[in-house]
1. Which of the residues that make up the range 89-113 are within 15 Å of Leu171 (Cβ to Cβ), open to solvent by less than 70 Å² (accessible area, probe 1.4 Å) and over 15 Å from the mean Cα position of the chain (by Cα)?
2. Within the range 84-101, identify whether any single residue is closer than 18 Å to Leu29 by Cβ and among the polar types (S, T, N, Q), and answer yes or no.
3. Could you list, in sequence order, all residues of the range 43-79 that are farther than 19 Å from Ala8 by Cα and either outside any helix (DSSP H, G or I) or hydrophobic (A, V, I, L, M, F, W, C) (or both)?
4. Check off (1) open to solvent by 30 Å² or more (accessible area, probe 1.4 Å); (2) at pLDDT 95 or above; (3) charged (D, E, K, R) for Arg117 and give me the number that stays unchecked.
5. Which residues, taken from the range 207-221, are of a type in the set (Val, Ile, Thr) and either open to solvent by less than 70 Å² (accessible area, probe 1.4 Å) or under 16 Å from Ser173 (Cβ atoms) (or both)?
6. Report, ordered by the first and then the second residue, all pairs with beta carbons closer than 8 Å, sequence separation of six or more or different chains, a first member in the range 7-27 that is farther than 15 Å from Arg91 by Cα, and a second member that is among the β-branched types (Val, Ile, Thr) and surrounded by 15 or more Cβ atoms within 10 Å (Cβ to Cβ).
7. State the number of residues belonging to the range 144-164 that are within 25 Å of Thr214 (Cβ to Cβ) and either open to solvent by 10 Å² or more (accessible area, probe 1.4 Å) or among the small types (Gly, Ala, Ser) (or both).
Amino acid sequence: MTDPAAAAWHRLAETSVLLDGFHALKHALRFGAEVPLAVTTDREAALTLAAELAPDVRDTLDALLTEVPENTYRSFVPRPHPTAVAALAVRPAREANLQKLAHTPRSAPVIVLDNPRNLGNAGAVIRLAAGFGATGVVTTGTLDPWHPTVVRAGAGLHYATAVERLTIDELPSGPVFALDPEGDDIRSLKLPDDAVLAFGSERSGLSTELRARTDHLVSLPMRPQVSSYNLATSVAMTLYHWSTSTAAPL
């Protein structure tokens with residue numbers, strides 16, 4: 001007999017977002033994700049974890065979680081998570097995300113990752129953007145910001161901000177501040193709430209197309225002979241600088 005949970009998983013998997021691990025599921029639920037299916041190898045352990053770390057979603061998880069055998073769970077995920085929890089969620093409508101990104105006036109910047117290459121870095125940036133209350137994260141190029149590895153690295157916080165892939169021509173309105181070693185020291189600038197904060201590829205920096213769209217080149221303080229920061233570190237420093245001069249609450 002076919003396991004009902006396995007049958008449902010395989011029916012939904014192609015069109016759903018994989019939430020890999022307890023923390024991704026917790027965050028997605030907190031920010032309104034529609035989750036039609038969630039599984040675990042140990043309901044009691046998962047609910048105990050929820051009671052300790054996320055009591056606000058414990059009852060929701062109690063109603064949602066289905067216990068499955070370990071081999072069934074392992075067939076659902078590319079790399080088993082230590083919490084042995086996985087779920088499938090509905091991806092937010094693109095049109096709704098585009099409306100959020102385009103809405104003005106904005107109370108928080110939009111982050112643009114220009115042709116990023118590393119899935120883990122992209123996820124870490126989305127997690128940062130959610131934490132700082134950024135309006136959204138936009139990627140250009142070929143990287144899918146909803147790839148399962150990005151969602152895992154973002155701990156499910158894609159649902160806390162607007163995440164989309166766009167072309168340079170489709171970027172939201174607002175003054176573009178692009179990070180570049182030759183730019184003005186960020187400490188001398190105030191970043192406005194409606195800023196579009198752009199970060200170049202880990203390998204090649206800003207594209208020619210984005211440079212042409214840029215209003216201000218900005219640099220981060222860096223000790224001589226240190227070549228660069230990690231992408232997520234650069235985003236964190238820039239968002240922190242913005243947050244110290246804004247009146248907008250998180």
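1. Passing the criteria: Leu98, Ala102, Arg106.
2. no
3. Ala45, Ala46, Leu47, Leu49, Ala50, Ala51, Leu53, Ala54, Val57, Arg79
4. Against the list (1) open to solvent by 30 Å² or more (accessible area, probe 1.4 Å); (2) at pLDDT 95 or above; (3) charged (D, E, K, R), Arg117 comes up short only on (2).
5. Thr214, Val218
6. Correct list of pairs: Trp9/Val39; Gly21/Thr83; Gly21/Val85; Phe22/Thr83; Phe22/Val85; His23/Thr83; Lys26/Val57.
7. 3
The values are calculated or read from the model by the stated rules, or taken from the named source; none is laboratory data. Quantities reported herein were computed from a predicted structural model and do not represent experimental measurements. So basically every Cβ, Gly included, is an ideal-geometry build from the backbone, and we count neighbours across all protein chains shown. Note: areas computed on protein heavy atoms with side chains; ligands, DNA, RNA excluded. Shrake-Rupley method; radii C 1.70, N 1.55, O 1.52, S 1.80 Å.
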